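Note sheet for the following structure.
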Amino acid sequence: MKRGTDIEAAAAVLRAGGLVAFPTETVYGLGGDAASDAAVANIFAAKGRPRTHPLIVHLAPDAVLDDFAIDISPIARTLAAAAWPGPLTIILRRGPRVSLAATGGADTVGLRVPAHSVAQQLLRAFGGAIAAPSANRFGRVSPTTADHVAADLGDDVDYILDGGACVVGVESTIVDLSRDRPTLLRPGGMAREAIEAIVGPLAAADAAAPAAPGTLASHYAPRAELIAVDPADVPAAVAAARGIVAVLAPRSAFAAWPDLRAIARPLPDDLAGIARELYAALRDLDAAGVDVVIAALPPTVGLGEAVGDRLRRAAGPKGRT
Ligand code: TXA
Ligand code: MG
């Protein structure tokens with residue numbers, strides 16, 4: 001595995017069918033040539049992910065949407081124009097230039113134009129679309145630094161393009177626009193409110209929505225046991241916990257708990273800061289050998305919806321796939 005900041009070297013790896021971990025504004029992606037079945041097969045193998053779980057296809061800002069999707073509704077075009085580049089993935093009907101392997105055999109495709117300048121430079125230098133899931137092993141929290149990628153994937157990635165820490169910190173929001181009603185499949189880095197201001201109310205995923213297997217209950221679980229509670233219930237949760245206990249909460253919240261018998265892991269007080277630091281904090285606590293993490297749930301507004309979603313999933317049943 002090589003690591004560096006050489007865009008041309010990374011693009012050459014992609015052209016040769018290899019795998020490049022690259023930064024986006026949300027999390028690091030594990031990228032391969034979206035048009036190559038062999039490269040896509042390598043992604044699934046490196047990640048240890050079932051081949052039926054579709055990958056997001058990343059496009060450069062000047063890519064032509066109609067090359068990658070068909071039956072694009074006016075509302076999908078409006079949302080793409082308003083939200084891209086940015087932390088939003090739109091599910092559309094798959095166009096012929098997207099490898100069937102990348103979509104896990106589905107007739108829909110998740111498309112996203114990332115806002116990170118390194119991601120955009122890589123897409124331009126490569127000249128094609130890049131299929132990429134988050135660059136973590138299946139079932140671990142997503143990586144937000146090049147060190148996280150190296151720790152998870154090591155030699156299974158040919159080149160790690162280091163672009164520093166991701167500024168959004170949680171994965172993109174996924175909206176399905178392949179059917180009649182705009183549907184929220186995964187809350188993420190673009191707040192629901194901002195999307196609804198453009199497309200109107202988002203429906204909740206139902207049985208007919210395209211399956212987003214990344215929304216499996218335990219998908220984002222750290223190794224420690226995670227308990228997600230309202231801030232008011234943190235002291236009681238600490239009192240009931242056994243072993244080495246840590247509390248993950250906004251810095252200002254700790255003032256209300258002067259006698260807390262737990263390791264304090266303060267996060268920023270604003271929701272964007274919490275999202276940005278969440279995954280690194282969970283990795284730190286795992287590395288510190290903590291047995292139980294008590295996490296304070298943020299309000300369900302703005303990025304709080306995505307943070308709460310990830311905390312609840314991390315608290316979900318173990319037995320990870
Ligand atoms: O921010 C992100 O979205 C990051 C960066 C690297 O772009 N990527 C990411 O990829 O989180 P991944 O593979 O870890 O999660 C993508 C989710 C999965 O739950 C997958 O099932 C869903 O998107 N997905 C992708 N294509 C889909 C499709 N055609 N239909 C339904 N769900 C899809
Ligand atoms: Mg992922």
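The values are calculated or read from the model by the stated rules, or taken from the named source; none is laboratory data. Bear in mind that the values here come from a model prediction, so they are computed numbers and not experimental data. For neighbour counting, all protein chains shown are included, and Cβ atoms are generated from backbone atoms with ideal geometry for every residue, glycine included. These accessible areas exclude ligands, DNA and RNA; they are computed on the full protein's heavy atoms, side chains included. Shrake-Rupley method; radii C 1.70, N 1.55, O 1.52, S 1.80 Å.
Structure notes:
- Scanning the stretch 90-139 for residues that are crowded, with 22+ Cβ neighbours inside 10 Å, among the charged types (D, E, K, R) and either on the phi > 0 side of the Ramachandran plot or touching a Pro at 6+ places or on another chain (Cβ under 9 Å) (or both) yields one hit, ARG112.
- All conditions in (1) at pLDDT 95 or above; (2) assigned to a helix (DSSP H, G or I) hold for ILE294, with the sole exception of (2).
- Options SER178, SER142; residue that is open to solvent by 20 Å² or more (accessible area, probe 1.4 Å) and either hydroxyl-bearing (Ser, Thr, Tyr) or not assigned by TED's automatic domain parsing to the domain that holds GLU25 (or both): SER178
- Meeting the requirement of 1 or more residues that are within 11 Å of ligand 1 (Cβ to nearest atom), the strands (runs of 3 or more DSSP E) wholly within the stretch 125-193 are 130-132, 173-176, 183-186.
- Candidates ALA146, ALA39, ALA69 - the one that is closer than 22 Å to VAL168 by Cβ and of a type in the set (Gly, Ala, Ser): ALA146
- When residues of the stretch 63-95 are limited to those that are of a type in the set (Val, Ile, Thr) and touching a helix residue (DSSP H, G or I) at 6+ places or on another chain (Cβ under 8 Å), the one nearest to ligand 2 (Cβ to nearest atom): ILE90
- Of all residues making up the stretch 163-209, the number that are within 16 Å of ligand 2 (Cβ to nearest atom) and of a type outside the set (Val, Ile, Thr): 9
- Exactly one residue among ALA41, ALA35, ALA60, ALA9 is in contact (Cβ under 8 Å) with a residue 40 or more places away in the chain, more than 16 Å from ligand 2 (Cβ to nearest atom), open to solvent by 20 Å² or more (accessible area, probe 1.4 Å) and under 14 Å from ARG124 (Cα atoms), and that residue is ALA9.
- Screening the candidates ASP309, ASP284 for the property of being assigned to a helix (DSSP H, G or I) and either open to solvent by 30 Å² or more (accessible area, probe 1.4 Å) or among the aromatic types (Phe, Trp, Tyr) (or both) yields one hit, ASP284.
- Screening PRO299 on (1) in a loop (DSSP other than H, G, I, E, B); (2) open to solvent by less than 10 Å² (accessible area, probe 1.4 Å) shows it passes everything except condition (2).
- Of the residues making up the stretch 96-139, those that are free of Cβ contacts under 8 Å to residues at least 24 places away in the same chain and within 16 Å of ligand 2 (Cβ to nearest atom) number 0.
- Restricting attention to the stretch 44-57 and to residues that are out of contact with any Asp or Glu (no Cβ under 6 Å at 6 or more places or on another chain) and of a type in the set (A, V, I, L, M, F, W, C), the residue that is surrounded by the fewest Cβ atoms within 10 Å (Cβ to Cβ) turns out to be ALA45.
- Top-ranked residue of the stretch 247-265 - restricted to ones that are within 24 Å of GLY189 (Cα to Cα) and open to solvent by 40 Å² or more (accessible area, probe 1.4 Å), ranked as farthest from the chain's Cα centre (by Cα): SER252
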